[in-house]
Each structure stands twice: as structure tokens, then as C-alpha cells.
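Enquirer: Could you have a look at this structure, given as C-alpha cells, before my questions?
The values are calculated or read from the model by the stated rules, or taken from the named source; none is laboratory data. Worth saying up front: this structure is predicted, and the values here are computed from it rather than measured. Backbone-built Cβ (ideal geometry, glycine too); neighbour counts: all protein chains shown. In case anyone asks, the SASA skips ligands and DNA or RNA and just uses the protein heavy atoms, side chains included. Shrake-Rupley method; radii C 1.70, N 1.55, O 1.52, S 1.80 Å.
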Amino acid sequence: MNIAKISNSGGIIDLILYDECLKELARETFEDIYTLNFFLQTIPKNFGQKKTLLIYSKLENFSTNENPSSKTSNQGQTFNNIQLLIAEDENSYFINEKEI
């Protein structure tokens, strides 16, 4: 099983693909989710594995403080939203950002 580590920092998406021994197979950078998904669907044919663990990490800024008159603020805090997926066929090599 291959392992794909995908990091989305908001503007650029980085992907590092490893084999089951954690040897790096590929390192790519994408400008949008559409080109990432296109590349993901080529993994089974180009790297010869039927299954891949997709680790998708997206940095997000959250403001949990809704009260503007409060003296404490959580604005500007960054959190990692992580999703783990197992892709087993060509159609499951896909990141749906709307569900994350």
C-alpha cells in the first residue's frame, strides 16, 4: 500500500507519495484541488499499487469567539483539519474539499 501525504496550506497543495517502506516515490506541488485529483487518479497505473492511504491535512483559521465586545479573542488561531482515506480503485483517488 502506498501512502500519500497531502498538505493544503490554503494556496498551494503539496503531495509526497511513499511506498510501504516509506521510500519517497514522488513529490509534487499543485495550485488547486482539481489538478491534485487528476494526479491522484494516475497513482494506481503509474506506481503499481491497488491501495493508497491518503492523508489530507488542511490548515484552517478559526474564530470561535463570536462576541465582539469580549476582551479575549481566538482570532488568528490555525488548526489542522486532517482526513484519512483509503483509495482502492481509480474513482476513490479523490479529495472532496466540500466534505472536509
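Enquirer: Would you pick out the residues in segment 2-37 that are among the aromatic types (Phe, Trp, Tyr) and out of contact with any strand residue (DSSP E or B) (no Cβ under 9 Å at 6 or more places or on another chain)? It would help to see each step written out before you state the result.
Expert: Residues of segment 2-37 that are among the aromatic types (Phe, Trp, Tyr), as a first pass: 18, 30, 34.
Residue satisfying the conditions is Tyr34 alone.
Enquirer: Restricting to segment 1-36, and then to whatever is at pLDDT 95 or above and aromatic (Phe, Trp, Tyr), can you tell me which residue is least open to solvent (accessible area, probe 1.4 Å)?
Expert: Here the answer is Phe30.
Enquirer: I've got another one for you. Just to be sure I understand the filter: pairs with C-beta atoms under 6 Å, separated by 6 or more residues or on different chains, first member in segment 8-20 and β-branched (Val, Ile, Thr), second member not in a strand (DSSP E or B). Which pairs pass?
Expert: That search, which allows pairs on different chains as well, returns Ile13/Leu36.
Enquirer: Residue pairs, Cβ under 7 Å, 6 or more apart or interchain, first in segment 75-89 and over 20 Å from Gln41 (Cα atoms) and among the hydrophobic types (A, V, I, L, M, F, W, C), second surrounded by 12 or more Cβ atoms within 10 Å (Cβ to Cβ) and at pLDDT below 75. List them.
Expert: Taking only residues 6 or more apart or on different chains, the pairs are Phe79/Glu60; Phe79/Phe62.
Enquirer: Enumerate the strands (runs of 3 or more DSSP E) found wholly within segment 1-54, keeping only those where 3 or more residues are closer than 17 Å to Asn80 by Cβ.
Expert: Values: elements: 2-8, 13-18, 24-30.
The strands (runs of 3 or more DSSP E) meeting that bar are 2-8, 13-18.
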